[in-house]
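The values are calculated or read from the model by the stated rules, or taken from the named source; none is laboratory data. Because the structure is predicted, anything quoted here is derived from the model rather than measured. As a convention, Cβ positions derive from the backbone with ideal geometry for all residues, glycine included, and neighbour counts pool all protein chains shown.
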Amino acid sequence: MQTNAGAGAVALSWAWFVAGAPTSVLSSWVVDAPSTTLLMQGFHQYGRPVAGGAQPPARPSDALRLATLPLLQGKTRHPYYWAGFSVMGDTR
């Protein structure tokens with residue numbers, strides 16, 4: 001029996017790319033809402049330009065990694081809370 005594990009994520013990221021979004025952050029499973037909120041707030045904080053241009057924004061893959069670090073402590077340290085996300089597309 002052949003499975004297409006991951007085909008949905010690839011198709012979804014392709015659809016976003018065709019629509020004009022060069023990068024997507026997708027989840028691989030149903031995720032916890034409070035920890036996802038923290039993760040996405042951190043992701044967008046690290047990924048946006050700093051006022052005044054003093055520091056360039058982090059690459060999407062680095063922004064996701066940096067946003068994950070605070071979740072590695074306390075009750076959200078289990079991979080269920082953070083490991084389901086991946087950056088697809090242009091990660092520069």
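Across region 59-83, which residue is farthest from the chain's Cα centre (by Cα) among those that are farther than 21 Å from residue 49 by Cα and surrounded by 17 or more Cβ atoms within 10 Å (Cβ to Cβ)? Selected residue: 76.
Screening the candidates 24, 28 for the property of being touching a residue at least 40 places away in the same chain (Cβ under 8 Å), surrounded by fewer than 16 Cβ atoms within 10 Å (Cβ to Cβ) and either touching a helix residue (DSSP H, G or I) at 6+ places or on another chain (Cβ under 9 Å) or of a type in the set (D, E, K, R) (or both) yields one hit, 28. Across region 53-75, the number of residues qualifying as closer than 19 Å to residue 32 by Cβ and in a loop (DSSP other than H, G, I, E, B) comes to 1. Please identify the pairs in which a residue from region 51-66 that is of a type outside the set (Phe, Trp, Tyr) has its Cβ atom under 6 Å from the Cβ atom of a residue that is assigned to a helix (DSSP H, G or I) and at pLDDT 90 or above, counting only partners at least 6 apart or on another chain. As it stands, the answer is 58/46; 63/43; 63/46; 64/43; 66/46, since those pairs meet every condition given.
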